Structures are given as structure tokens and as C-alpha cells.
1. Which one of these does L77 not meet: (1) assigned to a strand (DSSP E or B); (2) at pLDDT 90 or above; (3) within 16 Å of A9 (Cα to Cα)?
2. Looking at region 69-96, I want the residues that are closer than 23 Å to Q29 by Cα and have a partner that is at pLDDT below 95 and exposed (fewer than 10 other Cβ atoms within 10 Å of the Cβ) with Cβ atoms under 6 Å, at least 6 apart or on another chain. Which pairs are those?
3. Considering each residue of region 6-65, count those that are aliphatic (A, V, I, L, M) and assigned to a helix (DSSP H, G or I), and give that number.
Amino acid sequence: MATSRIEPAHHIASLVIQFKAEHRAALHQFIDNFTGAEIGVEENSKMVVLITSDNQQTIVDFIDQVQLRTGVLSANLVYHFNEAETSTQGAQNETA
């Protein structure tokens, strides 16, 4: 009998964050310290942040935390990709 097992998913997300310019340094530090997050593009008081993770909750946590930061005016999810890897193994005899 063939069995399949689900490997951890790979999530990629992007957000547009609008912020007050005087809070730029603190926001940069927060993003730099958040595992899997990086600034893709920044112009004036807007930036696109890319997040990669093996679970969706990390992305949700990032959005929740960044929205609560002083000086952040908005943080909007623009894109979310989820790729679950499935590997199929050949017939196996299982013994209990």
C-alpha cells in the first residue's frame, strides 16, 4: 500500500506597510529581528515586507505585531502563497 505524508508547508507572503517617517528606524529594527521577514522595497513612508515561514501562524503573528507598532499607519497583506509538499512512498509492509 502506498502511503503519503505531509511535509511542513512553505509559506511566502508580502505586505505593504505605511508608517510615519519618524518611526522608520524602530520599524526597521523590528523587521530585522523578526525571523523570516525582510524589507523588499521602501519608498518614502511605505515599504513592502516579504515573509517566509514553514507555518501560517508566523505570518499572522507578524501582521498582528506590526499593526500594533507605534507609527505604523497600516499593514496590508498583498499576497500569500502556500506550498504543501507531499511525498509518496512506495508499498511498505507495516508491522505493529
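The values are calculated or read from the model by the stated rules, or taken from the named source; none is laboratory data. Every value quoted in this text rests on a predicted model; they were computed, and no experiment measured them. For neighbour counting, all protein chains shown are included, and Cβ atoms are generated from backbone atoms with ideal geometry for every residue, glycine included.
1. (3)
2. From region 69-96, no pairs qualify.
3. The total comes to 8.
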